[in-house]
Amino acid sequence: MRKLKPKSYEYIENLSSNENQNQLKARENSEKLGLGAISLSKAEAQILQFQLLNTNAKKVVEIGTLTGLSALYMLEVLPQDACLWTLEKSPEHAQMAEKVLAEDIKNGRCKIVVGDAQEKLKELSAQGPFDAVFIDGNKAAYLDYFKWALENTSAGALIVADNVFLAGAVWGDQSLQRFNDKQVRVVNEMNELAFKSKNLKSVILPTEEGLLICKKLS
Ligand SMILES: C[S@@+](CC[C@H](N)C(=O)[O-])C[C@H]1O[C@@H](n2cnc3c(N)ncnc32)[C@H](O)[C@@H]1O
């Protein structure tokens with residue numbers, strides 16, 4: 001999806017240190033799968049880190065692990081006694097993620113949950129409430145993920161969703177990438193809910209993909 005990386009991204013990314021070995025491996029693996037463009041860019045991952053730091057999050061859920069890149073970025077800023085549950089449908093993706101996340105898995109800071117996120121989230125509720133949820137999985141299920149996040153997070157929690165522009169499809173431009181009617185309707189409904197919910201303060205950062213960031217007020 002990240003088809004035209006703006007020059008501003010390159011500029012921002014060059015200001016900070018290079019990605020570490022595991023982050024580079026995760027990126028390389030997603031490239032090998034032909035999915036390099038759907039991983040967070042370095043600049044987007046840094047925005048996510050910044051938001052997590054501001055939330056003092058300890059219990060975090062990610063929906064959509066891919067090869068573990070965004071999970072690595074989140075774990076980098078989470079405290080030692082934090083836990084990230086990252087949900088992934090594809091066993092192949094999960095296996096690749098397991099390798100780069102091995103240290104955090106061993107230390108109990110990360111758990112990869114393999115299966116359909118909507119099913120797995122039901123089971124995960126028992127471990128809640130959570131401090132932060134990062135939504136980056138099946139676009140047609142974004143509204144359900146978002147509602148789950150609203151119900152299973154504590155006051156002050158952070159809810160972030162990536163790709164909320166659907167490459168322009170949410171305002172009717174399907175020239176970059178085609179999405180089906182359900183995906184467009186669901187993501188629009190989630191964005192509307194984020195802005196009309198009285199117990200949320202929401203913003204969409206106008207990144208290339210659109211990054212929805214919500215703070216739960218109560
Ligand atoms: C955009 S990628 C995630 C990128 C990752 N967060 C990163 O930035 O490195 C989306 C991932 O969600 C997974 N996915 C798709 N549908 C899913 C579902 N129903 N349940 C769980 N994971 C799903 C895909 O297999 C893919 O690995």
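Where a number appears in this text, it was derived from the coordinates with a stated rule and is not lab data. Keep in mind the model is a prediction, meaning the values are calculated, not measured. Positions of Cβ are backbone-derived with ideal geometry, glycine not excepted, and every protein chain shown enters the neighbour counts.
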Taking amide H positions as placed 1.01 Å from N in the peptide plane, with prolines and chain starts having none, which residues 5 or more places from LYS59, or on another chain, fall under 5 Å of its amide H? CYS83, ASP131, ALA132
Assuming R0 = 30 Å, what is the FRET efficiency of ILE12 and ARG178, from their Cβ-Cβ distance, to the nearest 0.05? 0.55
3J(HN,Hα) from dihedral phi, segment 112-128, Karplus parametrisation 6.51/-1.76/1.60, rounded to Hz, x for glycine, proline: 8, 10, 9, x, 5, 4, 4, 5, 5, 4, 4, 6, 5, 3, 4, 8, x
VAL203 to ARG185: extension gain in nm, 0.36 nm per residue of separation minus the Cα-Cα distance? 4.6 nm
Place a label point 7 angstrom from the Cα of GLU151 along the Cα-to-Cβ direction, then list the residues of segment 64-87 whose backbone nitrogen is under 20 Å away. 64, 85-87
Fewest to most Cβ atoms within 10 Å: TRP148, TRP171 sort as TRP171, TRP148
Helix-only [θ]222 nm of the chain, DSSP H runs n ≥ 4, -39500 (n - 2.57) each, per residue, nearest 500: -12500 deg cm²/dmol
Distance histogram in 10 Å bins (all Cα pairs of segment 122-190, percent per bin): 21, 46, 24, 9, 0
If one computes the Cα centroid of segment 80-147 and of segment 27-62, what distance in Å separates the two points? 13 Å
Please list the non-local residues whose amide H lies under 5 Å from the amide H of LEU40, H modeled 1.01 Å from N, same-chain partners needing a gap of 5 or more. SER70
For segment 22-37, 3J(HN,Hα) per residue [Karplus equation, 6.51 cos²θ - 1.76 cosθ + 1.60, θ = phi - 60°, Hz, x = Gly/Pro]: 5, 5, 5, 5, 4, 5, 4, 5, 5, 4, 4, 6, x, 10, x, 6
